[in-house]
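Here is the structure we will look at.
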Amino acid sequence: MKARVFSGIQPTGNPHIGNYLGALKSWAKVQYDYESIYGIVDLHAITLYQNPTELRAKIEELAGVLLAIGIDPKHSALIVQSAVPAHTELSWMLTCVTPVGWLERMTQYKAKSATQETVGDGLLQYPVLMAADILLYQAAIVPVGDDQSQHLELTRDIAQRFNSLYGETFRVPATHLPTVGARVMGLDEPDKKMSKSAKGAGHAVGILEPPDQIRKKIMRATTDSQPAVNIEAPGAGVENLLGIFQAFTEWSNEQMKSHFAGMRYGDLKKQVAEAVISHLEPIQKRYREITAEPGYIAGVLREGAERVSPWANDTVNKVKRAMGIYT
Ligand code: AQP
């Protein structure tokens, strides 16, 4: 039996090249070597208020994007998290073994709660639900962007704590980060990670964004007061653009150095924009084809949930037996 991989993405805002380079590109790559389960994690999305009509629409749209970037339903189960109730069932059992202090230390919780007047308990519990998503499938690896590394560390801590309290129950998963593109920064603010929920019009490049708009955004990206690329010590904005180019083209460090050293920023930006556009164009074409087929996405999501539910229920039953819960 192949080892399993699990990862998820929230149906919030428009998926961007940070999501793609940090996580989704790896999902498509590893699906041939692992039994893969990829989740549209709608229960995570509602930790902050979402407009219900928009949320429903975003779930199908995101499924279309995931299929378009190469998630192949013959190799991967694509699921909506809420369609497999075992995620929430396991989450409660893990909540009971997770010290509150571990959750209060999470930097994402601190950052997101700082922007709200009051926060729901769900925002604090978010990493426990994420641990449940992963441990439910006994996943060996979890491909994510670097911003999720702390949550993955916590997932391992929860698994180990549970195993030491109740006996060997969970496989302890490994984090899988890409070598380039693990943390793509905002084009307008290169000191902040590119984020779906950021407000700036020039902040993120959407996977489905039209080429002209992408070109404009990248040409306006924040750099610094130098005229040309200092390849040994680029400023944050230039480093981000170089990272985006390298992650899309998969050029070696040597190729990057010899090609970009001393290049004027205007030329660098033009080349980054063309690399991004030429990579995204076939994805956008596939997206249009997939979404033109009535019922296709709903069918893929239904089959995904049917395929993984027995695996999820096996783990829940194992956990219940370990904890002494009546089954
Ligand atoms: N800027 C990024 N660079 C590299 N990877 C990133 N990821 C997110 N932003 C970057 C990775 O994308 C996957 C899915 O992310 P998510 O939707 O679950 O949530 P997130 O990390 O909170 O992403 P966003 O875009 O910032 O969304 P909002 O604004 O809604 O919170 C994850 O593997 C993540 O690491």
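What follows is calculated from the coordinates using simple rules that are stated; it is not laboratory data. Bear in mind the structure is a predicted one, so any value in this text is a computation, not a measurement. Note: ideal-geometry Cβ built from the backbone for every residue, glycine included; neighbour counts use all protein chains shown.
Which entries in Lys58/Lys217; Lys112/Lys257; Lys25/Lys270; Lys2/Lys193; Lys110/Lys285; Lys74/Lys320 show an alpha-carbon gap greater than 30 Å?
Lys112/Lys257; Lys2/Lys193; Lys110/Lys285; Lys74/Lys320, as the Cα separations exceed 30 Å there.
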The range 211-289: Cα Rg divided by the 2.2 N^0.38 Å rule of thumb: 1.14
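For the chain, what does -39500 (n - 2.57) per DSSP helix run (n ≥ 4), summed and divided by total residues, give at 222 nm, in deg cm²/dmol to the nearest 500?
It comes out at -16500 deg cm²/dmol, rounded to the nearest 500.
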Dipole in debye (nearest 20) - the chain, about Cα centre, beta carbon charges: Lys, Arg +1; Asp, Glu -1: 80 debye
Cα gyration tensor shape of the chain, rounded if a/c is under 1.5, else prolate or oblate by comparing a/b with b/c: prolate
Karplus (6.51, -1.76, 1.60) ³J(HN,Hα), θ = phi - 60°, over the range 19-29, in Hz, Gly and Pro reported as x: 4, 5, 6, x, 9, 4, 4, 5, 4, 5, 6
Mean Cβ count within 10 Å, highest first, over the residues of peptides 129-136, 166-173: 129-136, 166-173
Within-13-Å neighbourhood charge of Leu301 [Cβ basis; K, R +1; D, E -1]: -2
